[in-house]
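The values are calculated or read from the model by the stated rules, or taken from the named source; none is laboratory data. The shown structure was predicted, so the numbers you read here are calculated from the model rather than taken from an experiment. Here the Cβ positions follow ideal geometry from the backbone for every residue, glycine too, while neighbour counts run over all protein chains shown. Protein only, heavy atoms only, side chains kept; ligands, DNA and RNA dropped before computing areas. Shrake-Rupley method; radii C 1.70, N 1.55, O 1.52, S 1.80 Å.
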Amino acid sequence: MRTTHALTLFFLSFASAAAAPLTISGRISDPSGAVLAGAQAVLLRPSGSVASVATSDGSGVYTLANLSPGDYWLTARSEGFAEATPERIALRDAPLERPLQLRLNAVETQLTVTETGVLAPIDEISKASDQISALQMRERAEFSIPEALRQTPGVRVQQLGGPGSLTRIHMRGGRAFDTSILIDGFRFRDVSAPQGDATGFLGDLLVLNSERVEVLRGSGSSLYGTNAIGGVANLVTDQGGGPLHGEMSLEGGGLGYFRGVTRMAGGLADNRFLYSAGVTHLNVMRGLDGDDRTRNTGAQGSAQYRLTPATTLGGRIFATGSYTGLNVTPAALFTAIVPSSGIVAAIPSVTFTPQLNDPDSSRHSRFFAGLLTVTRQLAPGSSLRGYYHGFTTSRDNRDGPLGAGFQPPFANNNLFDGRIDTGGARGDFSLGGTRQLSLGYEFERERFDNRSREENPAGGVNARTRISQASHALFAQQQMRLLADRLQISFSGRMQRFGLGQPTFAGGSPAYTGIALTTPPNAYTGDVAVSYFVPSTGTKLRSHFGNAYRAPTLYERFGTSFYGGFFSPYGDPRLAPERSLSVDAGLDQYFAGSKVRVSGTYFYTRLRQVIAFDFSGVIVPGTDPYGRFGGYRNTGGGLSRGVELSIEANPRRGTRLSASYTYTNADERASTLLNGSVRSIRVSDHMATFTATHAVTKRLDVSFDLFAASSYLYPFFLNGSRPFSFAGPVKADVSASYTVPFLETRRLQFFARVDNLLNRTYYEDGFRNPKTWAIGGLRVLF
């Protein structure tokens, strides 16, 4: 019956499109009831895209015009106030009038789209989630997206050195590749990486033109496919709208750091055309050891045009090109006097050697992500969207004979190119107002191209491996709002089928030539989330259960390593996908008229089967069909469970406080370490964060943030894979800005940031991170 209802809505869509355009109007006021001029009323579609923007006049009146019938979310924004509580709007066959009132110091009721793929207030979401807004990133003078995530409960950010270094994001005790990175809901992953994730490009993700970053903690594979085992981080691009606004900034400081940013956004033709664009250039001329140079140039933009009140075309680009000087990888000191068994204390220059300068080692990388969409509003509450997303990556790792430790005898480079083309369609159908059905199909093709070269005068190497894979996916989701919206239930499922192309090999190892190919099995994932809100006490109870998977990457199946003129096969074409189960349950409690929010979550994740890189002797060269000494194989997984606690408070206007504590107990089912330890590597049992932002005066703002983690294990090779215990990082940062208004709508802002205020020396996987360093800058806001 519901399916028939959805199809009926589809065939009625064209009649709906022909209806006369509608309007929503009203007056925007501050908490005292006084009218606000220059505030923005924003109307959003269920997909999260902006339907219309209007600016209030001198009387506080706004008008959103040329609208088609449908379901929307309406809110209002103005600097110096908390956003108005989002209101669900059912626009049918008559104009609506809706007054909007901004708030002073309530905890914001943010709209989010990542958790279900459909826009909803974060208070109605049944999954553990957080947001970092562009304003918060600007207040903390953040220039890196991963660094902005460091304060999120359950999230561990590892930066292996100074700015531009390799960066990892771990969620809930998972591995780095268990975190899925999205841009506007589309997968950002490097198909040529060993685990097909985004880790190789996280250090290149600069704060530029993102409106916010949404974080989903827990399984997300039923919506976002592979890699979404531990959680999802979604960068949401600013869609623009309203009068022309933006910023121009210059900043510089320690480590030879310099950065420039230009960004603007607005709307044309009565906001039928919305746009935003930003460009940035980062140049670190010295870095940590005086020779850790890095450069990064990036651009990010969005545009959408409303062809008719019911049809919208949209597009988005995000691209960077970067250069990073690399160092010799840290290693155990073979001369160190250590116990014959057990865990080794990680002491720099005593038991291990931190990174050393490597003057001829570097990484040149770039990526381009482009999105095209067409959205058609069907009968009220329903829509169809078609899309194409193209994503290309390139990493060129270069090295030569210079530098300490083991170095290649001749200059060489390994070039990894990847491309993912994704096309699909999604329909969202309202079933009676309190139920929504989403159906979709997605086609994805990924291509892997690896070239290895060595400049040996006696006869160099020029090898190449090319592979492609395609997949078809069907997904469905139903959401229900019951008991006067107090009970929220969501079901979702996804089926993905793979097809592997014939790989080609030239000039290198013949290990995989002529073998019979095995297509990975179909992937089936599901998800159930439930929440219940108790209005009398301001309490929300929630629970989320789901399974997830990670398909074996093309490198894990066919990858080889090249060093000193020799190739070593690592891949196994027979690999099966990784699979996991996860569940979490928690509550959100509001106090003091929504000025305080306290959250607690228990999480449990079980990796049932994983793909491990193994040199323990399980893979025997004489019996392995590919002649491997070690490499990738399927093995038993692991277990991660723990508790996330957080509090957010806005005690007075201009003051925001937040703190969190995370306990994680993560173990492996089978040890790959010499002493048999099953404790998961790179996982700190205890993590804590604290952030405070305060408006000292009308012009002066100060922000402080602290991250602290307990010790963790990381293995070095020392007569086998020995676990080394590293002290966890304790990192405090402080920033301040002073704003001077000039002309009528422009402001001049002076800002500064001190990084690692406590001047602590800490190591991530043996890589030393910078001690105290600072930047200062000037920003023009218009």
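Kindly indicate the residue of the range 109-118 that is under 25 Å from Pro31 (Cβ atoms) and buried (at least 20 other Cβ atoms within 10 Å of the Cβ) and also modelled with the lowest pLDDT among those meeting that condition. First the steps, then the outcome.
Of the residues in the range 109-118, the ones under 25 Å from Pro31 (Cβ atoms) are 109-112.
Still in the running and buried (at least 20 other Cβ atoms within 10 Å of the Cβ): 111-112.
Values: Leu111: 86, Thr112: 89.
Selected residue: Leu111.
Under 7 Å by Cβ, and 6 or more places apart or on different chains, what pairs join a residue from the range 27-51 that is at negative phi with one that is of a type in the set (Lys, Arg)?
Pro31/Arg103; Val35/Arg27; Ala39/Arg77; Gln40/Arg77; Val42/Arg77; Ser47/Arg385; Ala51/Arg45
Could you check Pro348 against (1) at pLDDT below 95; (2) out of contact with any strand residue (DSSP E or B) (no Cβ under 6 Å at 6 or more places or on another chain) and say which number it fails?
(1)
Check the range 179-189 and report whether any residue there is touching a strand residue (DSSP E or B) at 6+ places or on another chain (Cβ under 9 Å), outside any strand (DSSP E or B), within 28 Å of Tyr387 (Cβ to Cβ) and not charged (D, E, K, R).
Of all residues in the range 179-189, those touching a strand residue (DSSP E or B) at 6+ places or on another chain (Cβ under 9 Å) come to 179-189.
Among the residues that remain, those that are also outside any strand (DSSP E or B) are: 184-185, 188-189.
Those left that are additionally within 28 Å of Tyr387 (Cβ to Cβ): 184-185, 188-189.
Right, trim to not charged (D, E, K, R) and you get 185, 188.
So far as the range 179-189 goes, yes, one or more of its residues are touching a strand residue (DSSP E or B) at 6+ places or on another chain (Cβ under 9 Å), outside any strand (DSSP E or B), within 28 Å of Tyr387 (Cβ to Cβ) and not charged (D, E, K, R).
Considering only residues that are open to solvent by 10 Å² or more (accessible area, probe 1.4 Å) and of a type in the set (A, V, I, L, M, F, W, C), which ones fall in the range 207-242?
Listed by number, the residues that qualify are Val207, Leu208, Leu223, Val236.
Would you confirm, using the coordinates I've provided, whether Val534 is among the hydrophobic types (A, V, I, L, M, F, W, C), crowded, with 17+ Cβ neighbours inside 10 Å and more than 26 Å from Thr635 (Cα to Cα)?
Details: among the hydrophobic types (A, V, I, L, M, F, W, C): yes; crowded, with 17+ Cβ neighbours inside 10 Å: no; more than 26 Å from Thr635 (Cα to Cα): yes.
Answer is no for this residue.
Do you know which residues across the range 56-74 are closer than 15 Å to Gly242 by Cβ, among the polar types (S, T, N, Q) and not in a loop (DSSP other than H, G, I, E, B)?
Result: Thr63, single match.
Just for strands (runs of 3 or more DSSP E) wholly inside the range 661-774: which have at least 2 residues that are open to solvent by less than 50 Å² (accessible area, probe 1.4 Å) and at pLDDT below 95?
Details: elements: 686-695, 700-709, 712-717, 721-726, 730-742, 746-755.
Where strands (runs of 3 or more DSSP E) fall fully within the range 661-774 and carry at least 2 residues being open to solvent by less than 50 Å² (accessible area, probe 1.4 Å) and at pLDDT below 95, they are 712-717, 721-726.
Scan the range 194-211 and report the pairs whose first residue is without any contact (Cβ under 8 Å) to a residue 24 or more places away in the chain and whose second residue is open to solvent by 20 Å² or more (accessible area, probe 1.4 Å), with Cβ atoms within less than 6 Å and a gap of 6+ or a chain change.
Ala198/Arg189
Determine which single condition Pro409 fails, assuming it passes every other condition in (1) in contact (Cβ under 8 Å) with a residue 60 or more places away in the chain; (2) in a strand (DSSP E or B); (3) surrounded by fewer than 18 Cβ atoms within 10 Å (Cβ to Cβ); (4) not acidic (Asp, Glu).
Among (1) in contact (Cβ under 8 Å) with a residue 60 or more places away in the chain; (2) in a strand (DSSP E or B); (3) surrounded by fewer than 18 Cβ atoms within 10 Å (Cβ to Cβ); (4) not acidic (Asp, Glu), Pro409 violates only (2).
Filter the range 648-660 down to the residues that are without any contact (Cβ under 8 Å) to a residue 60 or more places away in the chain and not small (Gly, Ala, Ser) and list them by number.
Listed by number, the residues that qualify are Arg656, Leu657.
Of everything in the range 282-311 that's under 30 Å from Thr761 (Cα atoms), among the aliphatic types (A, V, I, L, M) and not in a strand (DSSP E or B), which residue is most open to solvent (accessible area, probe 1.4 Å)?
Keep residues of the range 282-311 that are under 30 Å from Thr761 (Cα atoms), which gives 282-297.
Now restrict to residues that are among the aliphatic types (A, V, I, L, M): 282, 284-285, 288.
If we keep only those that are not in a strand (DSSP E or B) as well, we get 285, 288.
Numbers: Met285: 107, Leu288: 34 Å².
Result: Met285.
Does Gln479 fit the bill of being touching a strand residue (DSSP E or B) at 6+ places or on another chain (Cβ under 8 Å), surrounded by 15 or more Cβ atoms within 10 Å (Cβ to Cβ) and more than 29 Å from Gly196 (Cα to Cα)? Show your work before the answer.
Details: touching a strand residue (DSSP E or B) at 6+ places or on another chain (Cβ under 8 Å): yes; surrounded by 15 or more Cβ atoms within 10 Å (Cβ to Cβ): yes; more than 29 Å from Gly196 (Cα to Cα): yes.
Yes, satisfied.
Hey, can you tell me all the residues within the range 262-276 that are open to solvent by less than 50 Å² (accessible area, probe 1.4 Å) and touching a residue at least 60 places away in the same chain (Cβ under 8 Å)?
Passing the criteria: Gly267, Asn271, Leu274, Ser276.
Take the range 385-396 and flag every residue that is surrounded by fewer than 18 Cβ atoms within 10 Å (Cβ to Cβ) and over 22 Å from the mean Cα position of the chain (by Cα). Don't jump to the end; show me each part of the working.
Going residue by residue through the range 385-396, those that are surrounded by fewer than 18 Cβ atoms within 10 Å (Cβ to Cβ) are 386, 388, 390, 396.
Passing the criteria: Gly386, Asp396.
Just need a number here: residues in the range 336-357 that are farther than 20 Å from Gln407 by Cβ and open to solvent by less than 60 Å² (accessible area, probe 1.4 Å).
Within the range 336-357, the first condition is being farther than 20 Å from Gln407 by Cβ, and the residues that meet it are 336-351.
Now narrow it down to the ones that are open to solvent by less than 60 Å² (accessible area, probe 1.4 Å): 336, 338, 342, 344-346, 348, 351.
Qualifying residue count for the region: 8.
Condition test on Ala82, is it modelled with pLDDT under 95, among the aliphatic types (A, V, I, L, M) and open to solvent by 30 Å² or more (accessible area, probe 1.4 Å)?
No; evaluated as a whole, the condition is false for this residue.
Only residues that are part of a loop (DSSP other than H, G, I, E, B) and more than 14 Å from Val236 (Cβ to Cβ): list them for the range 119-155, please.
Ile125, Ser126, Lys127, Arg140, Ala141, Glu142, Phe143, Arg150, Gln151, Thr152, Pro153, Gly154
Read through the list (1) surrounded by fewer than 22 Cβ atoms within 10 Å (Cβ to Cβ); (2) acidic (Asp, Glu); (3) not in a strand (DSSP E or B), then give the number of the only condition that Asp360 fails.
(3)
Go through the range 419-453 and give me each residue that's under 30 Å from Arg464 (Cα atoms) and of a type in the set (Ser, Thr, Tyr).
Thr422, Ser452
Are any residues in the range 119-157 over 30 Å from Val42 (Cβ atoms) and in contact with a helix residue (DSSP H, G or I) (Cβ under 8 Å, 6 or more places away or on another chain), and if so, which ones?
Residue satisfying the conditions is Val157 alone.
Listed here are the residues, each with its yes/no results for (1) within 30 Å of Ser394 (Cβ to Cβ); (2) under 28 Å from the mean Cα position of the chain (by Cα).
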| residue | (1), (2) |
| --- | --- |
| Gly418 | yes, yes |
| Tyr441 | yes, yes |
| Ser452 | yes, no |
| Glu455 | yes, no |
| Leu482 | no, no |
| Gln496 | yes, yes |
| Gly507 | yes, no |
| Gly514 | yes, no |
| Thr525 | no, yes |
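What are the pairs, 6+ residues apart or on separate chains, where a residue within the range 576-591 that is closer than 12 Å to Arg217 by Cα and open to solvent by less than 50 Å² (accessible area, probe 1.4 Å) has its Cβ under 6 Å from a residue that is at pLDDT below 95 and among the hydroxyl-bearing types (Ser, Thr, Tyr)?
Correct list of pairs: Ser582/Ser219.
Could you list, in sequence order, all residues of the range 420-464 that are open to solvent by 30 Å² or more (accessible area, probe 1.4 Å) and assigned to a loop (DSSP other than H, G, I, E, B)?
Gly432, Gly433, Thr434, Glu455, Asn456, Pro457, Ala458, Gly459, Gly460
Considering only residues of the range 363-380 that are assigned to a loop (DSSP other than H, G, I, E, B) and either open to solvent by 60 Å² or more (accessible area, probe 1.4 Å) or of a type in the set (A, V, I, L, M, F, W, C) (or both), which is nearest to Phe726 (Cα to Cα)? Can you show your working first?
To start, the set of residues in the range 363-380 that are assigned to a loop (DSSP other than H, G, I, E, B) comprises 378-380.
Restricting the remaining residues to those that are either open to solvent by 60 Å² or more (accessible area, probe 1.4 Å) or of a type in the set (A, V, I, L, M, F, W, C) (or both) gives 378-379.
Details: Leu378: 57, Ala379: 59 Å.
Filtering first and then ranking leaves Leu378.
If Val35 satisfies all but one of (1) open to solvent by 50 Å² or more (accessible area, probe 1.4 Å); (2) at pLDDT 90 or above; (3) within 17 Å of Pro121 (Cα to Cα), what's the number of the condition it fails?
Val35 satisfies every listed condition except (3).
Please find, within the range 502-530, the residue that is nearest to Arg542 (Cα to Cα) out of those that are surrounded by fewer than 16 Cβ atoms within 10 Å (Cβ to Cβ) and small (Gly, Ala, Ser). Steps first, answer last, please.
Our first condition is that a residue be surrounded by fewer than 16 Cβ atoms within 10 Å (Cβ to Cβ); within the range 502-530, this holds for 502, 504, 506-507, 510, 513-519, 521-522, 524.
Add one more test, that the residue is small (Gly, Ala, Ser), and what stays is 506-507, 514, 516.
Values: Ala506: 54, Gly507: 56, Gly514: 52, Ala516: 47 Å.
Among them, the one singled out is Ala516.
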